[in-house]
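Presented below is the structure to which this report refers.
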Amino acid sequence: MKALRKVASRPNGLELAEIPIPACGPRDVLVKVRAASLCGTDAHIYNWDGSVRDKILAATDRFARPLTIGHEFCGEVVEIGREVRGAGEGARELLRPGDFVSAESHIVCGQCYQCRRGEYHVCTRETIIGVQRDGGFAEYIALPAACAWINDPAVVPVEVACIEEPFGNAVHATTEYSPAGRCVVVFGAGPIGLFSVIVAAAEGAERIIAVDASQFRLDLAAKVGAHTTIHTAPPPRDDQAARSRERERLNGLIRDAAAPLEPDLVMEMSGAADAIDAGLRAVRRGGKMILFGLPKRQEVTLERYSEDVIFGGVTLKGIIGRKIYGTWEKTRALTARPAVRDKIRTVITHTIPLSRYEEAFAKMIGRDSGKVVMTIAQD
Ligand SMILES: [Zn+2]
Ligand SMILES: [Zn+2]
């Protein structure tokens, strides 16, 4: 089969290789992949950033074994391991050959302190598909049946099923505190920020404001439900005065757009250090702030920590992954709604075959894109 592999410790270092179809272990399902989407993590793997390097070097024994990448995908079950009882919560959903599945990318241990309390999304011994074991940018993947999530193919089309994993990040982040009747401000209109706009709208947010440095992405945000979009041009990091002016300017625009409400729920989905400060400035007293974007190390200053967080009485909540399986249940309910599926399709700006993966990576790394999906041609 064809598989896109990271084969060397350097930027790019990818190769579309011909390798054997993986064996289906006793607790696995073998899935014939139909489509997969590219994620920021894949860009980090491509660019060979420090955030993923050590994990991959350890998992591949410094590339003694290459790694098939890709952790957002969907496909058809073609083989089921002999010990598999089912999929989903308590394995209560029967798995059959031919089932159309998406995948939870985090394989959890089931035994650590968190797992024993049902908090699988913060398992301390998780392994990640496409980072620490072979992933889904391939014609086939074997994965634990516990990671398979069954879709109704009559409801969920292939391109929507393949983005359920990242969409689930947005579902987890946006529904941690109910956005219904609230003013929601989303910093960062990349794919997960755009998905958050979709979820906030679907969950009945009264007012949705999106902030980004890319006009292309703000236009997408408006298409999927943002009532107001605000363009920001982050000043250079060493210009403290300009940075605090920009923060105050954004705060004024956000407050005007929110009125008569106030920014109840701020979602930091960009990972820009200035967006964290701007978000803390904007969130109303007693409001909530979701932290999902990953800033570069040492960039976060929290300049107004005492004023904005402590005196503001603000709740800060970090979000990682998807609740297993609560987020997946919510995702199923949301993707059952035609309006949600249409908006998800709007966020998918490029669909490119796996054979042209270089082009897919270039589109994703360039900022004039939403989600980039790769189709996997077979037979
Ligand atoms: Zn991802
Ligand atoms: Zn665990």
Mind checking which residues of segment 158-179 are under 20 Å from T351 (Cα atoms) and either part of a helix (DSSP H, G or I) or at pLDDT below 95 (or both)?
V158, E159, V160, A161, E164, E165, P166, F167
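Condition check ((1) crowded, with 16+ Cβ neighbours inside 10 Å; (2) more than 16 Å from ligand 1 (Cβ to nearest atom); (3) on the phi < 0 side of the Ramachandran plot) across all residues:
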| site | (1), (2), (3) |
| --- | --- |
| K2 | yes, yes, yes |
| A8 | no, yes, yes |
| E18 | no, yes, yes |
| C24 | yes, yes, yes |
| V29 | yes, yes, yes |
| C39 | yes, no, yes |
| L67 | yes, no, yes |
| G70 | yes, no, no |
Which number in (1) closer than 24 Å to A35 by Cβ; (2) without any contact (Cβ under 8 Å) to a residue 60 or more places away in the chain; (3) over 20 Å from the mean Cα position of the chain (by Cα) marks the one condition that I107 misses?
(3)
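Could you pull out every one of the helices (runs of 4 or more DSSP H) wholly within segment 197-282 that has 3 or more residues that are among the charged types (D, E, K, R) and more than 19 Å from the chain's Cα centre (by Cα)? Don't jump to the end; show me each part of the working.
On the way: elements: 215-223, 240-258, 273-282.
Those helices (runs of 4 or more DSSP H) span 240-258, 273-282.
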Residues to consider are G90, G50, G70, G75; find the one that is within 23 Å of the chain's Cα centre (by Cα), at pLDDT below 95 and small (G, A, S).
G50
Report whether or not D49 is away from ligand 2 (no atom under 16 Å from the Cβ) and either surrounded by fewer than 16 Cβ atoms within 10 Å (Cβ to Cβ) or of a type in the set (K, R) (or both).
yes
Would you mind listing the strands (runs of 3 or more DSSP E) fully within segment 56-144 where at least 3 residues are over 25 Å from A8 (Cα atoms)?
73-80, 100-103
Answer yes if at least one residue in segment 39-52 is in contact (Cβ under 8 Å) with a residue 12 or more places away in the chain and in a strand (DSSP E or B), and no otherwise.
no
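The values are calculated or read from the model by the stated rules, or taken from the named source; none is laboratory data. Here the structure is a predicted model, which is why all the values come from computation and not from measurement. We place every Cβ from the backbone using ideal geometry, glycine too, and count neighbours over all the protein chains shown.
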